[in-house]
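Student: This is the structure, below, for whatever I ask next.
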Amino acid sequence: MSECLGHGGHFTHRGGLRGRFRAVALGLALALVPLAGCAGSTSTNTGTHAPPTPVSLALDWTPNTNHTGIYVALANGWYRQEGIDLSLTPYGSVAPEQLVSTGRAQFAVSFVESVTQGRAVGQPLVSIAAIIQHNTSALVSLKSSGLDSVASLAGKRYAGFGAPYEQPVVASALKCGHATSTDFQNVTTQLDPIQALKSKQFDFAWIYLGWEAIEAQHEGLALNVFPVTQYCVPDYPSPVIISGESYIKAHPDVVRRFLAATARGYAYAIAHPRAAADLLIKGAPAGTFSDTSLVYDSQNYLSPLYAQGAKCWGQQTLQAWTNYPRFMYQSNSLSDANGQPLSQPPNYAAAFTNQFLPAC
């Protein structure tokens, strides 16, 4: 495995939902930059005479437990066994969706929001596998704040990250939680959610339970937790793995072999959380994880959720790919390439496929 660090820097795990929106914004706003010197992989040859197919996977943020199955498959040489020489492109100045849509990466880790918005502006993105079957995010406040219900968040200061879908999601949760008003103070900040709450400049934030909630526990912070899907926000897989329409059409066998190795990695992570976390820690660039116990606890949380409720890892449903994107469309969170709200609903079925996943 090769992972270009760019600028010689080290990773620290920050971002979560904030990182997700940063990826969307960069994908829509920035031009491509050259990605020289990001090829390579560790594993041994397959034993065949045909050289392995070079394939790049763009990460959505710094390495974390959403990516564990990929690191497991790399460490065990399973991509090489499938005839694939996989390199990881770390998150940088160009969003993974932009890299895939322009052919600079063959695959990427992304999100339903990013795929839906990307397709709205003409990026031919397709989700080929669900990394986690369900949305594991929540609105949270500090226990010490006394804001112990969603209704109590009305009018309060929200640590926002500038995404167009934040307002409708929070407003929907407030309405569903029987708040007297759906108004709140949406303040964009560069602080990550836990730091924003600790600063006392904000009253509530939107986090991932599989990382920031565990981070808060490790810091001794007690949280009030309100999972968004329990407050009238449609459920959806998060994150997902994507490719481009043209690449899928031209190289279906590569997509199938890539997913065979990836699915094997996540199946291992489901069955062996501790060992899988070890491989993630070992495979990530030095300095990625300052607290390895956080990685182990996060892995214990996520491993049972990767394929929860599905016949096997990676499966996606039209219901999930309709309900939340439709929520985005109906709340005017989607814009076309000219920055105007979409005039007609997205093609929900075209945004994903299960065709290349291993048979259950």
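Student: If the cut-off is a Cα-Cα distance under 29 Å, which lysines reach Lys200, setting aside same-chain residues fewer than 8 apart in sequence?
Tutor: Lys143, Lys156, Lys175
Student: Could you estimate the translational diffusion coefficient of the chain from the Stokes-Einstein equation, with Rh from the Kirkwood formula over C-alpha pairs, at 10 °C and 1.306 mPa s, in whole µm²/s?
Tutor: My calculation gives 77 µm²/s for D.
Student: Given a cut-off of under 8 Å on Cα pairs at least six residues apart, what relative contact order in percent is computed for the chain?
Tutor: That works out to 25 percent.
Student: Something else: Applying the Karplus parametrisation 6.51 cos²θ - 1.76 cosθ + 1.60 with θ = phi - 60° to the phi angles of the range 105-119, what ³J(HN,Hα) value in whole Hz is obtained for each residue in order, glycine and proline being reported as x?
Tutor: Values, residue by residue: 9, 8, 9, 7, 8, 8, 9, 4, 4, 5, 5, 5, 5, x, 5 Hz.
Student: Taking a cut-off of 18 Å between Cα atoms, list the aspartates and glutamates near Lys282, but don't count ones fewer than 8 places away on the same chain.
Tutor: Qualifying aspartates and glutamates at Cα under 18 Å: Glu3, Asp291, Asp297.
Student: How would you rank 305-317, 200-212, 250-262, highest first, on the average number of other Cβ atoms within 10 Å across their residues?
Tutor: Ranked by mean Cβ neighbours within 10 Å, highest first: 200-212, 250-262, 305-317.
Student: While we're looking at this one, here's another question. What list of ³J(HN,Hα) values in whole Hz, one per residue of the range 259-271 in order, does the Karplus curve 6.51 cos²θ - 1.76 cosθ + 1.60 (θ = phi - 60°) give from phi, with Gly and Pro shown as x?
Tutor: Taking θ as phi minus 60°, the curve returns 6, 4, 5, 5, 4, 5, x, 6, 4, 5, 5, 5, 7 Hz for the range 259-271.
Student: Could you name the aspartates and glutamates whose alpha carbon sits less than 18 Å from that of Lys198, not counting residues in the same chain fewer than 8 places away?
Tutor: Straight-line reach from Lys198, under 18 Å: Asp148, Glu212, Glu215, Glu219.
Student: Another question, then. Residues of the range 265-313: accessible area per residue at 1.4 Å, in Å²?
Tutor: Spelled out: the 1.4 Å probe surface of the range 265-313, per residue, equals 46 Å².
Student: Could you run the Karplus curve 6.51 cos²θ - 1.76 cosθ + 1.60 with θ = phi - 60° over the range 289-299 and give me ³J(HN,Hα) per residue in whole Hz, x for Gly and Pro?
Tutor: Working through the residues one at a time gives 10, 7, 10, 5, 5, 5, 5, 5, 5, 5, 5 Hz.
Student: What's the center-to-center distance, using Cα atoms, between the range 169-191 and the range 251-296 in Å?
Tutor: Going from one Cα centre to the other spans 35 Å.
Student: Let me ask another. Scan around Trp211 for amide H atoms under 5 Å from its own, H built in the peptide plane at 1.01 Å from N, and keep only partners 5 or more places away or cross-chain.
Tutor: none
Student: If amide hydrogens are placed 1.01 Å from N in the peptide plane, which non-local residues have theirs closer than 5 Å to the one on Ala108?
Tutor: Ala58, Ile242
Student: For Cα pairs less than 8 Å apart in space and 6+ apart in sequence, what is the mean separation divided by the residue count of the range 286-360, i.e. the relative contact order in percent?
Tutor: 29
Student: Just to make sure I understand: if all protein chains stay in place, what is the order of Lys156, Lys175 by accessible area at 1.4 Å, largest first?
Tutor: Lys175, Lys156
Student: Here's something else I'd like to know. Can you say what percent of the DSSP beta bridges in the chain, counting only those with both residues inside, are antiparallel? Round to 5.
Tutor: 55
The values are calculated or read from the model by the stated rules, or taken from the named source; none is laboratory data. A quick note: this is a predicted structure, and the numbers were derived from the prediction, not measured. Counting neighbours? That spans all protein chains shown, and the Cβs are built from the backbone with ideal geometry, glycine included. With ligands, DNA and RNA removed, areas are computed over all heavy atoms of the protein, side chains included. Shrake-Rupley method; radii C 1.70, N 1.55, O 1.52, S 1.80 Å.
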